[in-house]
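Some notes on the structure that comes next.
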Amino acid sequence: MNSSDYFLSNEQLIDVLSLTKTATAIHVTEDAIIQLANEAMLRVWDKDSSVIGKTLEDALPELKGQPFIDMFKRVWNEGLTISGTDTPADLMIDGTLTTVYFDFEYRAIKDAAGKTICILHTATDITERFLGQQAIELAAEREEALFREQALNEELASANEELASANEELSAINDELQQTQENLYSLNVELEERVFDRTLKLVTSQEALENLNSELKRSETWLDQILSQLPAPVVVLEGPDQVITTTNEALLSFWDKTRDEVLGKPMLEVFPELRSQPFPAQWKHVLNTGEIIVNREKPVIFNKANGTKRLYYVDYHYQPLKDTAGKLVSVLATVIDVTDKVLSRQQVEQAENKLRMAIEASQLGTWYFDVNKGEYVFSARLKEIFGFYAHEEMTNELATKQITDEYRDEVIRTVNEAIINNTNYELEYAITGFHDKQLRWVKATGKLYAESGNNPANFSGIVMDITDQKLEEQRKDDFISIASHELKTPTTALKASLQLLDRMKDKPSPIFPRLIEQANRSIDKITILIDELLNSTRTTEGQLHLTRSVFNVANMLNECCNHVRVAGKHELIFKGDPELEVYADEHRIDQVIVNLVNNAVKYAPDSREIYLIVEKAANNMAKISVKDSGPGIPADKIEHLFDRYYRADYAGSQYSGLGLGLYISSEIVKRHGGEIGVDSELGHGSTFWFTLPVA
Ligand code: ADP
């Protein structure tokens, strides 16, 4: 058999090709008309056999824009074989444009003449493999990326650490660098300064050297100018002779001298009056020791041109001056006249002293309100007036408590009003002493000084004890009523006698003599009262003139008080020295004795014996006493007995009297330079006594 006998026909070949698993197609012409496409290729394309005979573009219109149609053209025209692996193609599968991956080959099949007769197109769908491969690669890539990232991270971390430590090192190095730079800079500055200083010093010392000479020349005149224009008075005293070498206008005008009168002369030659004053010794001391002497407000006396002396007060400062070799050569004295200041201060001090003395002498209590402490400050005397001890504390509250109920509210109100209205107040009120419980009358004044300049507001005042004055007033009031009463009794009696006489004047009656006698007695009483009043006022006004003579006291006593002896109710008994003579106004002393004896009769009616005693007392005095054995006088009354208008028994009902007898007696005795007093004990009588100078 011929081998050609076994060859398959073209159709058979095509059928076989159709059965291969490899997608196969045969295209002709440059438009790749599909002459054959096996089942596998149709599946790839997702087409049916209707594509046979169509150009590739018609069969698969989705290939438009993709490279394949052009590839076929080239394979046909150029007789090439083009192949590709993992090549994507977008094909319409199930109506959706899907990317499919192929390994493909377009092979030009040529005839013997080398002309392309068809293109054998084989393709294997490797989409699944490709995608799987891609997934694997992606995973591997991811893993690698992850790994790389991790490695990178680690590297980064360690790099970071390294960076940090490098940074630290860098900053340390930087610090060091900066420090070094600073050091360098300050060294530089120092260096520059030193260089500058040196240069400056050099320049300055050169200049100074140049200037020194000229300045030296000028300095003397400079010093002179400065000193002469200085407002403080100065003088330079040179050497042990204290020669005035320099001074200025200020001191010359204080000295009242011209420059020529003093310059170049020893100080004590110009002012010899200073020789006896302490200054020359002090200048010597400064010159010898180099010590400075400073004194304030020292008196200095200068002789004036008109021959008088004048006292000044000066502040001075003596200072040693040395020459260039350091030797003490002169004294620079600065002298400031402070006379006006000292005198005005002395005046203020004197005024204050006077005021203080006046306050002390007048026994005034003073107080002020301390604004800083916010409390009242009371003087010792004021505390005494309020019945406190001078050293103990007395608050304003305690003081207010001592004011009697009758006045307290009024005092508080008035003081408060004065503070509010910035006015003065003047009050009279009664207080009960804190310790002694004594009733005292005071007159209080106060004033609020408003704040002015540097002086803060100030509230102060004085309190005066006016108890005596008040009691005197009271006694005077009582006296007037007593005096009227006393005068009324004899006047009424006189009037009655005269009326009777008048009625009976036409018919003389045997009682006429009695009426006349009664009228005379009344007149006598009135005369005595008027005498007492007159004596009292005369005494008070200092019109009590004495006519002194030497007389024997015993004789005088024997002759006086005959009215008592005649009345016969009392016996006057003389005792003592019958020879004693005194130098006194006999008439006035007689008046004193009559007063004392009358009192004994009046206040000791039951004391039959009244002793008149004369004796010699100390200090060349004679003591004359009138002693009764009557009721005596209470101790607390005794000190007031000799006061004007004082009557121990104020009721005045038992005994009449003006309370003037003892007062007048005491004034008469005191005028003689004697003393008067009483020794008395209740129930044991009283002895009134007085002394007179022995002749
Ligand atoms: P007068 O007798 O007018 O009252 P005096 O000055 O003579 O005034 O006396 C003052 C007071 O002294 C009298 O009121 C009386 O209380 C008291 N007095 C004076 N002498 C005696 C006496 N001998 N005994 C007791 N009391 C006396």
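Worth a mention:
- Long-range Cα-Cα pairs in the stretch 65-195 (distance over 17 Å), rounded percent: 78
- For Lys21, the aspartates and glutamates whose Cα comes closer than 16 Å to its Cα, not counting residues fewer than 8 places off in the same chain, are Glu39, Asp46, Asp103, Glu105, Asp125.
- If you wrap the tightest convex hull around every Cα atom of the stretch 234-337 and split its volume per residue, you get 91 Å³.
- 3J(HN,Hα) along the stretch 381-391, derived from phi through the Karplus expression 6.51 cos²θ - 1.76 cosθ + 1.60 where θ = phi - 60°, amounts to 5, 4, 4, 4, 4, 7, x, 9, 7, 4, 8 Hz, with x in place of Gly and Pro.
- Scattering profile of the stretch 559-695 at q = 0.09, 0.10 Å⁻¹ [log10 I(q)/I(0), Debye over alpha-carbon scatterers]: -0.25, -0.31
- Charge dipole magnitude, Cβ of K and R +1, D and E -1 - the stretch 266-342, Cα centre, debye nearest 20: 140
- Solvent-accessible ranking of Lys115, Lys47, largest area first, probe 1.4 Å: Lys115, Lys47
- Using only side-chain charges placed at the Cβ, +1 for Lys and Arg and -1 for Asp and Glu, the dipole size of the stretch 307-442 relative to its Cα centre rounds to 900 debye.
- Theoretical FRET efficiency, 1/(1+(r/R0)^6), r = Cβ-Cβ of His435 and Glu269, R0 60 Å, to 0.05: 0.25
- Sorting 673-683, 620-630, 409-419 by average packing, meaning the other beta carbons within 10 Å per residue, from highest down gives 620-630, 673-683, 409-419.
- Listed residues Met71, Met41 arranged by accessible area, highest first, probe 1.4 Å: Met71, Met41
- Given charges at Cβ of Lys, Arg, Asp, Glu: the stretch 234-337 dipole, positive-most of Ile293, Phe254, Val234: Ile293
- Estimated distance in nm for a label pair at Arg43 and Ala305, the labels positioned 7 Å out from Cα along Cα-to-Cβ: 15.9
- Helix 339-361 axis versus longest C-alpha principal axis of the chain: approximately 60°, rounded to the nearest ten.
- For the chain, the relative contact order is 5 percent, taking Cα pairs closer than 8 Å that sit 6 or more residues apart in sequence and dividing their mean separation by the residue count.
- A crude spin-label estimate for the pair Asp405 and Asp260, with each label 7 Å from Cα along the Cβ direction, gives 9.3 nm.
- Straight-distance crosslink candidates among lysines, where the alpha carbon sits under 27 Å from Lys627 and sequence neighbours closer than 8 are dropped: Lys525, Lys569, Lys575, Lys602, Lys616, Lys637, Lys670
- With Cα atoms, 0 to 90° folded angle of helix 512-540 axis to the chain main axis: 40
- Computed over the stretch 345-465, the percent of Cα pairs more than 16 Å apart is 65.
- Share of carbon and sulfur in the accessible heavy-atom surface of the chain [1.4 Å probe, %]: 53
- Nearest-ten-degree value, helix 127-229 long axis tilted from longest Cα axis of the chain: 40
- Of Val377, Val348, Met464, farthest towards positive along the dipole that unit charges on Lys, Arg, Asp, Glu beta carbons give the stretch 345-465: Val348
- If R0 is 35 Å, the Cβ-Cβ spacing of Ala232 and Leu355 corresponds to a FRET efficiency of close to 0.45.
- Summary value for the stretch 22-125: 29 percent relative contact order, contacts being C-alpha pairs under 8 angstrom separated by 6+ residues.
- Here the extension length gained between Glu249 and Ile93 equals 42.7 nm, from 0.36 nm per residue of separation less the Cα-Cα distance.
- Taking a ≥ b ≥ c as the square roots of the eigenvalues of the alpha carbon gyration tensor, the stretch 22-125 is prolate, as a/c is not under 1.5 and a/b beats b/c.
- When each of the peptides 524-534, 607-617 is scored by how many other beta carbons lie within 10 Å of its residues on average, the order from highest to lowest is 607-617, 524-534.
- Against the empirical 2.2 N^0.38 Å (N residues), the stretch 471-540 has a Cα radius of gyration ratio of 1.46.
- Note on the chain: semi-axes of the ellipsoid equivalent to its C-alpha gyration tensor, largest first and rounded to whole Å, are 155, 57, 22.
- In the stretch 323-365, Rg over Rh equals 1.56, where Rg is the alpha-carbon radius of gyration and Rh the Kirkwood radius from pairwise Cα distances.
- Heavy-atom accessible area per residue - the chain, 1.4 Å, Å²: 63
- For the pair Arg538 and Ala157, label points projected 7 Å from Cα toward Cβ lie 14.0 nm apart.
- Dipole magnitude (debye, nearest 20) for the chain, charges at Cβ of Lys, Arg, Asp, Glu: 7820
- Protein-only accessible surface order, largest first, of Phe369, Phe130 at 1.4 Å: Phe369, Phe130
- Semi-axis lengths, largest first, of the ellipsoid equivalent to the stretch 496-627 are 37, 20, 12 Å, with √(5λ) applied to each eigenvalue of the Cα gyration tensor.
- Segment Glu615-Glu473, extension gain: residue separation times 0.36 nm, minus the distance between their alpha carbons: 47.3 nm
- Reported value for the stretch 265-312: 80 Å³ per residue, from the convex hull of its C-alpha atoms.
The values are calculated or read from the model by the stated rules, or taken from the named source; none is laboratory data. Since the structure is predicted, the reported quantities are computational estimates derived from the model, not experimental observations. Glycine gets a Cβ as well: all are built from the backbone with ideal geometry, and neighbour counts include every protein chain shown. Protein only, heavy atoms only, side chains kept; ligands, DNA and RNA dropped before computing areas. Shrake-Rupley method; radii C 1.70, N 1.55, O 1.52, S 1.80 Å.
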